[in-house]
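See below for the structure under consideration.
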Amino acid sequence: MASSRLKRVEESATIKAANVANKMRQEGTDIISFTLGEPDFDTPKHICDAAADAMYRGETHYTPSAGIPELKDAIALKLCTENKLDAKASDIIVTPGAKQAIFEIMMSVLDDGDEAILFDPAWVSYDPAIKFAGANTVWVPTDAEDGFKPQNPEEYITDKTKLIVVNSPGNPTGAVYDKQTLKNIADIAIDNDILVLSDEIYEKIIYDQEHVSIGSLEGMQDRTITVNGFSKAYAMTGWRLGYVHARSDIIKGMLKIQSHSVSSATSFVQYGGVAALEGPQEPVAEMVDRFKIRRDLLVDGLNAIGIKCQKPGGAFYAFADVSEYGNGDTVTEKLLKNAHVAVTPGSAFGESGKDFIRISYATSLERIQEGLERIKAALV
């Protein structure tokens, strides 16, 4: 019998869509998959070499649950210099991926009956993590015409609100919040004594804009929980390496959960993380340049077809309005069946995404171009 906790949560829609596409591919169908949020680039060689060297010199044993000192020091320096946070290594925990970090945060700071604010649409795993913690999700609508910024979030605050989740650059929309938008959120958090979880996993995949960490704003140092990791910026999805910076009581709570569950991030993987932060950053810049070319091809192509789509400011997703052709679920099914193009329905990310589809452009220019041609043939 499944627990009541499990019954509150649906399976991941992005994983489900990818699995359907993979099954069709295994059966011999040429599927163009725009589903999973995974860079199609290999991890830079110097990072692989560092992890391999660590493995061969014997760094294959248990590490401190919060992470090796070398990596925590490198993360603290990065947060201080790049994100303008007053970060100390003692206030950092290294996790097996940013997703695990988010799960631990929800379990650490939310109680039964608490409320957590999500800006709709939001990444698929925030809501389940909130529910696993026994709390309730409050969805704040965003305006697609205004860069998917939250609309009047202060109206959704109650005496049960414990946490606001911010994801910039964001999944699924690629939205990047400017400093004023973040300040408005910060003011709400300060006025109502609310914590903010800032998921900054896409911070380096950003186009012609500046990334601002909400924790760097006045009054936000002690109430911001900053989440980041290595999966997206360094093409290290399979490595499972993330981290959190927060005040000491939150880190201690997370450490209780981590030490009794996954124990720690993999030992030699952590040395790869050190190399990622301290080594050359040119591979990141080169990857972002290529993502930008792909973004422009995809978004310009969608708009030329007649599918409304704004150019995302960051990440590697286009969130396209397909309401001219049906809702997102219907169009997703039609594209897979008739065009052999796999996308994710916008409804997976919240109610306001029901007329949208998410298209990941973490694939080659050739496949994007072919995908556009197939979409046009199926819909227009």
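The values are calculated or read from the model by the stated rules, or taken from the named source; none is laboratory data. What you see is a predicted model; the values in this text were computed from it and never measured. Ideal geometry is used to build each Cβ from the backbone, glycine not excepted, and the neighbour counts take in all protein chains shown. Calculation scope for accessible area: heavy atoms of the full protein, side chains included, ligands and nucleic acids excluded. Shrake-Rupley method; radii C 1.70, N 1.55, O 1.52, S 1.80 Å.
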ask   = Can you find even one residue in region 239-254 that is within 17 Å of the chain's Cα centre (by Cα) and surrounded by fewer than 21 Cβ atoms within 10 Å (Cβ to Cβ)?
value = yes
Test result for residue 34, of a type in the set (Phe, Trp, Tyr) and touching a helix residue (DSSP H, G or I) at 6+ places or on another chain (Cβ under 6 Å) = no
message = Return the residues of region 340-363 that are touching a Pro at 6+ places or on another chain (Cβ under 9 Å) and hydrophobic (A, V, I, L, M, F, W, C); say none if nothing qualifies.
response = 348, 349, 356, 357, 362
request  = Output the number of residues of region 72-95 satisfying the condition of being touching a helix residue (DSSP H, G or I) at 6+ places or on another chain (Cβ under 7 Å) and farther than 20 Å from residue 247 by Cβ.
outcome  = 1
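Quick grid of which residues meet (1) within 30 Å of residue 354 (Cβ to Cβ); (2) under 21 Å from the mean Cα position of the chain (by Cα); (3) in contact (Cβ under 8 Å) with a residue 24 or more places away in the chain:
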position	(1), (2), (3)
45	no, no, no
54	no, no, yes
58	no, no, no
81	no, no, no
91	no, no, yes
103	yes, yes, yes
106	yes, yes, yes
119	yes, yes, yes
149	yes, yes, yes
remark   = Taking region 180-202 and keeping residues touching a residue at least 60 places away in the same chain (Cβ under 8 Å) and either in a helix (DSSP H, G or I) or closer than 11 Å to residue 227 by Cα (or both) leaves 197, 199, 200, 201, 202
inquiry  = Checking the conditions here, which among 144, 135 is touching a Leu at 6+ places or on another chain (Cβ under 6 Å) and of a type in the set (A, V, I, L, M)?
reply    = 135
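If you check residue 299 against the conditions, is it among the β-branched types (Val, Ile, Thr), under 26 Å from residue 235 (Cα atoms) and surrounded by fewer than 19 Cβ atoms within 10 Å (Cβ to Cβ)?
So residue 299 does not fit the description; no.
Are there any strands (runs of 3 or more DSSP E) wholly within region 60-178 with 3 or more residues that are modelled with pLDDT of 95 or more and open to solvent by 30 Å² or more (accessible area, probe 1.4 Å), and if so which?
Values: elements: 92-95, 115-120, 136-143, 161-167.
Hits in region 60-178: 136-143.
Out of region 34-59, which residues are touching a Phe, Trp or Tyr at 6+ places or on another chain (Cβ under 8 Å) and assigned to a loop (DSSP other than H, G, I, E, B)? Break it down into steps so the answer makes sense when it comes.
Of the residues in region 34-59, the ones touching a Phe, Trp or Tyr at 6+ places or on another chain (Cβ under 8 Å) are 34, 37, 39, 43-44, 47, 50-55, 59.
Result: 34, 37, 39, 43, 44, 59.
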remark   = Taking region 322-344 and keeping only residues that are touching a residue at least 60 places away in the same chain (Cβ under 8 Å) and surrounded by fewer than 19 Cβ atoms within 10 Å (Cβ to Cβ), one is left with 340
request  = Evaluate region 273-290: report whether one residue or more is in contact with a Cys (Cβ under 8 Å, 6 or more places away or on another chain), open to solvent by 20 Å² or more (accessible area, probe 1.4 Å) and free of Cβ contacts under 8 Å to residues at least 40 places away in the same chain.
outcome  = no
ask   = Considering only residues of region 350-380 that are in contact with a strand residue (DSSP E or B) (Cβ under 7 Å, 6 or more places away or on another chain) and among the hydroxyl-bearing types (Ser, Thr, Tyr), which is surrounded by the fewest Cβ atoms within 10 Å (Cβ to Cβ)?
value = 352
query = From the list 347, 267, which residue is surrounded by fewer than 22 Cβ atoms within 10 Å (Cβ to Cβ), in contact with a helix residue (DSSP H, G or I) (Cβ under 8 Å, 6 or more places away or on another chain), polar (S, T, N, Q) and within 30 Å of residue 58 (Cα to Cα)?
reply = 267
